[in-house]
Amino acid sequence: MAKLLCAACLLALLSAPARAGGSEDCLALSGLGCYFDGGNDGLLIYLRGHLHGSGRITGEGPVLASSRQAFDFYGLRSAAQNRNLTVMVTGSSHLPVLPADVAALEKRLGRKFGKVLVAAHSGGYVGLAKSLEELPKVDGIVLLDDFYGDVAGMARRVAGRDAPCAGFRTPHNKARFAAFTGTSCVIDAARSDAEHEPRVARCLTDYLDGRACSD
């Protein structure tokens, strides 16, 4: 069960010293998270999972701190730059990215996104459901051990997009993953539950290409 994010955890995130090339390069998006302009080949939407057990983080400061933690911890700068993408990172797993959010970022950057890729990790399945329902354009989907909740419904939404799809699941999600049917997704079976976090940074660029992880 999700727990409220502790005040000490938030304070530590907010008071961490800035460093060159650090998470502060992910610029604030009010109420949503942050973004980093890693290139002009398209947009990667990254729907973060729970932070310290919390799936509902609110408030401008906490949401920004949480999105920057994900940007840093999961290697999203490198993934964006390697694929010449802008990345938008949510600051709570319950937050979706909606058409108005994409349009606002396009206006800020002064360009349209030629393609839109959506990645969800763990508890980010909550934001993923609404995002897939609302976004008019989705050119690729990455599922990062986010097989929780209505997994069959997730499968229907993914299949309905008819877009390349890849990702992974860990052993603790094996039973739930059985309900994920009717898609052409390439889903790796990780060997250990310990892969739930580190496999994201290690394999994301492969998954963005719609293929299994090369590790």
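Assorted remarks:
- Helices (runs of 4 or more DSSP H) contained entirely in the stretch 3-97, each with at least 3 residues that are modelled with pLDDT under 95 and not small (Gly, Ala, Ser): 7-15
- Test result for Lys107, without any contact (Cβ under 8 Å) to a residue 12 or more places away in the chain and assigned to a helix (DSSP H, G or I): yes
- Qualifying residue in the stretch 38-52 (condition: over 12 Å from the mean Cα position of the chain (by Cα), among the β-branched types (Val, Ile, Thr) and surrounded by 15 or more Cβ atoms within 10 Å (Cβ to Cβ)): no
- Boolean, Leu128 is in a strand (DSSP E or B) and surrounded by 14 or more Cβ atoms within 10 Å (Cβ to Cβ): no
- On inspection, Arg161 passes the criterion of being more than 15 Å from Tyr125 (Cα to Cα), in contact (Cβ under 8 Å) with a residue 12 or more places away in the chain, surrounded by fewer than 20 Cβ atoms within 10 Å (Cβ to Cβ) and of a type in the set (D, E, K, R).
- Qualifying residue in the stretch 86-94 (condition: closer than 18 Å to Asp206 by Cα, buried (at least 24 other Cβ atoms within 10 Å of the Cβ), out of contact with any Ser or Thr (no Cβ under 7 Å at 6 or more places or on another chain) and touching a residue at least 40 places away in the same chain (Cβ under 8 Å)): yes
- In the stretch 169-189, the residue that is farthest from Lys115 (Cα to Cα) out of those that are surrounded by 18 or more Cβ atoms within 10 Å (Cβ to Cβ) and in contact with a helix residue (DSSP H, G or I) (Cβ under 6 Å, 6 or more places away or on another chain) is Thr170.
- Flag if Val102 is surrounded by 14 or more Cβ atoms within 10 Å (Cβ to Cβ), of a type in the set (A, V, I, L, M) and touching a Phe, Trp or Tyr at 6+ places or on another chain (Cβ under 9 Å): yes
- Filter pass, Val118 being part of a helix (DSSP H, G or I) and touching a Phe, Trp or Tyr at 6+ places or on another chain (Cβ under 9 Å): no
- Residue selection: Tyr125 fails the criterion of being of a type in the set (Ser, Thr, Tyr), within 21 Å of Gly38 (Cα to Cα) and at pLDDT 95 or above.
- Whether a residue is on the phi < 0 side of the Ramachandran plot, in contact with an Asp or Glu (Cβ under 7 Å, 6 or more places away or on another chain) and either surrounded by fewer than 21 Cβ atoms within 10 Å (Cβ to Cβ) or in contact (Cβ under 8 Å) with a residue 40 or more places away in the chain (or both) was assessed, and Leu76 does not pass this test.
The values are calculated or read from the model by the stated rules, or taken from the named source; none is laboratory data. Just so we're clear, the structure is a prediction, and the values are computed from it rather than from any experiment. Every residue, glycine as well, gets a Cβ built from its backbone with ideal geometry; the counts of neighbours run over all protein chains shown.
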